[in-house]
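One structure is given here, and the rest of the page talks about it.
We did not get these values from a lab; they are worked out from the coordinates using the rules stated. All values derive from a computational prediction rather than experimental measurement. Reconstructed Cβ throughout: ideal geometry from the backbone, glycine too, with neighbour counts over all protein chains shown.
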């Protein structure tokens with residue numbers, strides 16, 4: 001059975017249109033996923049910054065006294081040693097989860113500290129006052145011992161609240177780029 005030329009042309013044209021529409025849908029889906037990754041990175045950076053003080057306390061504040069009272073007061077004796085003791089008591093699954101969480105938190109805090117130090121250097125070397133202001137806002141909101149509100153910071157910096165938010169958001173984007181490296185390029 002032979003297909004007439006006219007029908008073959010219609011079939012080929014229909015196949016081309018279907019392929020184009022399919023390709024457009026794939027590209028649109030990839031764009032949506034990339035936008036979602038961008039949103040998650042920014043959200044994750046904001047969450048890391050918002051919880052930074054708690055992470056620091058988690059890493060430095062877990063000191064214990066064991067049942068026998070044996071504790072020499074050294075800073076090195078922390079929750080990890082308690083976890084080691086608990087491991088000997090056959091609580092391995094729960095303790096391993098806590099140990100892993102503590103280890104990941106310490107790694108993340110060191111990473112955040114390093115990236116914030118790089119960002120601080122970048123801002124200090126910048127001639128752009130908005131970059132410097134953005135760093136000061138991030139530091140005062142999330143890093144310093146006592147948190148300040150965006151309204152307080154706007155007043156201290158002599159800018160509008162909206163400008164303080166813009167500086168904050170720009171700083172978070174730069175910090176995200178440092179935190180996520182090359183993967184942050186999808187964000188722009």
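Some observations on this one:
- Packing-based exposure ordering (other Cβ within 10 Å, fewest first) of 24, 174: 24, 174
- Label positions at residue 126 and residue 111, each projected 7 Å from the Cα along the C-beta direction, are separated by 2.3 nm.
- Between residue 165 and residue 17, the C-beta separation translates, for a Förster distance of 41 Å, into a calculated FRET efficiency of about 0.30.
- Gain on full stretching of the segment that runs from residue 118 to residue 148 - 0.36 nm per residue minus C-alpha separation: 8.6 nm
- Remark: 145, 113 ranked as 145, 113, counting other beta-carbon atoms within 10 Å and listing the fewest first.
- Label-point separation in nm, residue 8 to residue 50, each point 7 Å along Cα→Cβ: 6.3 nm
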